[in-house]
Structures are given as C-alpha cells and as structure tokens.
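The values are calculated or read from the model by the stated rules, or taken from the named source; none is laboratory data. Note that the structure is a prediction, hence the values are computed from the model and not measured. Counting neighbours? That spans all protein chains shown, and the Cβs are built from the backbone with ideal geometry, glycine included.
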C-alpha cells in the first residue's frame with residue numbers, strides 16, 4: 001500500500017518531537033559543564049519536558065477542539081522549531097528551561113493531532129497501518145534521531161543537538177504546510193461536552209489503565225537494560241550500543257507489523273498477541289538468569305523480540321482507543337492516552353529501580369508483571385466489551 005506524502009509529513013513531525021524528548025541524554029556532560037550545573041540537574045530537563053507534555057496535552061486538545069488539524073500542527077511546529085533554534089542564544093539555565101517548556105508545550109499539540117489525523121484520514125481497513133506509519137517516526141527517533149543529535153552535539157557543541165531538532169521541526173512544518181493545503185477543515189460546532197462525553201466512558205478508563213501498565217512494564221526493563229545485560233551475558237558498553245541498534249530495528253519491524261495486525265485481526269486480538277509476546281520475552285529473560293552467563297547471540301535475539309513487541313503495543317492501543325471514542329474526540333483521546341504513557345513511563349522507572357535494589361535478575365520479572373496484568377484486563381474487560389470479533393478497525 002502506497003502511503004500519501006502528508007502521512008510521511010506526520011511521521012517526520014513525530015520523529016522531530018521524539019528526538020527532542022531524548023536527545024539531551026547524548027549531550028548531558030557537555031551541557032552540564034557549560035552551564036555549570038550537575039549532570040543530575042541537567043538531566044531534570046528531560047523530566048521537565050515529560051511533565052509539561054503530560055500535563056498540557058489533554059488541555060491543549062480541549063482548547064483546540066475547534067481548530068483544524070492543519071492549523072494546529074503548523075502553529076505548534078512553528079513554536080517547536082523556534083524554541084529549539086533559539087537554544088544557542090539562551091543566556092543561562094533559566095532561559096534554557098523556559099525553552100524546553102515551550103518545546104514540550106508545542107510537542108503536546110503535535111503528536112495527538114498527528115495520530116488523530118492519520119486515523120481519521122485513513123482509508124477503510126488501513127487505520128492500523130496509518131497509525132503505525134506515524135509511530136515509525138518515534139521508532140526512528142530512537143534508532144536514528146538521538147544518535148544523530150549526539151553526533152551534532154559532538155561536532156557543534158551541545159547546542160547542535162537542539163539545532164538538529166529545530167531543523168527536523170522546520171522540515172516537518174514545511175512539508176505539512178504544503179501537503180495539507182486542502183486538508184483538515186475547522187471542526188465547527190463541536191462543544192466541549194460533546195468532546196468530553198466519549199472520554200468519560202468506562203471502556204476508555206480501562207484502556208488508559210492498560211496503557212499505563214503496558215508502558216510501565218516496558219520502561220521497567222528499558223531503563224535498566226544495561227545492568228541486566230551486563231550481569232546476564234557480560235555485555236560491555238560497546239556491545240550494548242550495537243545491541244541497541246539491533247533492538248531499534250526490531251522496534252521498527254514491530255511497529256509496522258502492529259499496523260498490519262490491527263487491520264487484519266482487529267485491535268483487540270492484535271493487543272492480545274503483542275502483550276503476550278512481550279510477556280513471553282520477559283519470561284525467557286527471567287529464566288535465562290538462572291543459567292547465566294549466556295551468549296550474546298541469545299541476548300540479541302531476545303532484545304529484538306522485546307523491542308518488536310514493546311513498539312507494537314502503542315499503535316494497537318491507539319487504534320483500540322479510537323474505536324471506542326469515535327472521530328469527533330479523536331485528538332482528545334490521543335492526548336489523554338499520551339499523558340497516560342508518561343505516567344506509565346514514570347511508574348516503570350520506579351518499578352525497575354525497586355527491582356534493581358533487590359536484585360538485578362528481578363528486572364524482567366518486574367517488567368512482565370504489569371504487562372501480564374494489562375493482558376488480563378484485556379482478556380476480561382476490553383475483550384468482553386468489544387465483542388471480540390466485532391472490532392471496528394475495518395471501518
């Protein structure tokens with residue numbers, strides 16, 4: 001299936017905002033030294049960005065409910081681009097924090113609007129693949145964007161990483177402005193009550209809980225993947241870098257596969273398959289801990305499986321959420337779900353930290369437990385509410 005250019009523009013926007021979220025990790029030492037703050041303090045820029053995004057995304061979605069997707073995306077990307085390109089001119093820590101807040105506020109508009117637009121404009125039977133295409137931008141940010149930002153920071157100074165994000169944002173802005181010329185009329189006549197009503201339904205709350213649990217399970221492992229692999233297979237930092245590239249490729253494959261699963265099987269069955277694959281991978285890692293040390297080749301295979309399963313979950317959950325709320329509240333639903341992702345990420349980091357404190361080998365177990373609980377909820381609540389075979393992904 002040939003994707004339209006405007007869909008590629010949305011994927012590029014996703015690449016820009018996701019790269020901006022994590023690119024600071026590659027330039028942390030230089031940034032901290034230049035601004036004369038500790039690396040721990042500099043790392044809080046990531047927390048500021050994530051919290052700003054999580055808190056503002058649902059609010060923006062409601063305030064902009066009458067604004068066309070095209071206009072919202074263009075305005076948000078303009079602010080995002082300006083906030084990143086202005087980083088070299090920042091005079092001290094306070095101004096840099098302010099620019100990061102501005103970039104996060106803009107990103108909180110971009111991603112929900114991009115996902116909702118992709119879903120609403122998808123031809124019948126293609127919603128899953130359209131959502132997966134946008135999510136590919138997030139995967140490529142991990143695989144390509146953050147390494148490229150780290151390289152730019154090494155060549156141009158730490159400010160170069162943010163300049164790269166600004167260039168990506170400007171490119172997405174230009175492409176969207178051109179390809180969305182006649183797309184996305186203003187959503188007139190949509191009252192706030194009409195937008196909020198679908199979000200207040202029980203199935204939506206269930207899906208948000210599943211989102212938090214699934215993300216928490218993934219981040220519990222992802223945050224502490226380095227110490228786990230070092231103890232499991234003696235993986236060194238250099239080998240880890242290569243393994244992470246392989247896992248990034250697996251994530252890209254998983255994202256694309258998830259779109260096809262949604263369109264062919266429906267989102268409920270697709271979610272069952274992806275969560276089951278994640279739990280199986282974590283269980284295998286937990287069992288291998290009893291046989292350590294194991295070969296790096298075995299670890300590489302499991303990492304690819306883990307990444308593929310983890311990255312397959314988001315587009316499936318998005319498709320399921322959109323089926324529940326309908327087109328009218330699509331942007332708002334994506335915003336609320338994006339906020340729940342950040343809640344899950346914070347919870348997963350804490351869960352993994354607790355597991356490491358007890359014993360590194362417990363990390364895969366700690367990751368599998370919330371994912372298994374999410375799967376149980378899907379089997380008991382979501383599956384029952386959807387009628388299993390009556391998924392509406394093929395509308």
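General observations
- Whether a residue is under 18 Å from residue 56 (Cα atoms), modelled with pLDDT of 85 or more and outside the structural domain of residue 335 (by TED's automatic domain parsing) was assessed, and residue 80 passes this test.
- Residue identified as more than 18 Å from residue 113 (Cα to Cα), under 18 Å from the mean Cα position of the chain (by Cα) and surrounded by 19 or more Cβ atoms within 10 Å (Cβ to Cβ) among 23, 48, 27: 23
- Neighbours by Cβ (under 6 Å, 6+ apart or cross-chain): first from segment 336-347, farther than 26 Å from residue 65 by Cα and assigned by TED's automatic domain parsing to the domain that holds residue 218; second assigned to a helix (DSSP H, G or I) and at pLDDT 80 or above: 345/215; 345/219; 347/216
- Pairs, first touching a residue at least 40 places away in the same chain (Cβ under 8 Å) and at positive phi in segment 111-137, second in a helix (DSSP H, G or I) and surrounded by 24 or more Cβ atoms within 10 Å (Cβ to Cβ), C-beta under 7 Å, six or more apart: 125/263
- Only helices (runs of 4 or more DSSP H) whose full extent lies in segment 41-158 are considered here, and the ones with at least 3 residues that are within 18 Å of residue 5 (Cα to Cα) are 69-85, 93-121, 127-140.
- For segment 84-107, a residue qualifies if it is at pLDDT below 90 and in contact with a helix residue (DSSP H, G or I) (Cβ under 9 Å, 6 or more places away or on another chain), and the qualifying residues are 90, 92, 93.
- The one condition in (1) part of a helix (DSSP H, G or I); (2) surrounded by 16 or more Cβ atoms within 10 Å (Cβ to Cβ); (3) touching a residue at least 12 places away in the same chain (Cβ under 8 Å) that residue 32 fails to fulfil: (3)
- For segment 291-308, the set of residues classified as free of Cβ contacts under 8 Å to residues at least 40 places away in the same chain and more than 29 Å from residue 261 (Cα to Cα) consists of 291 only.
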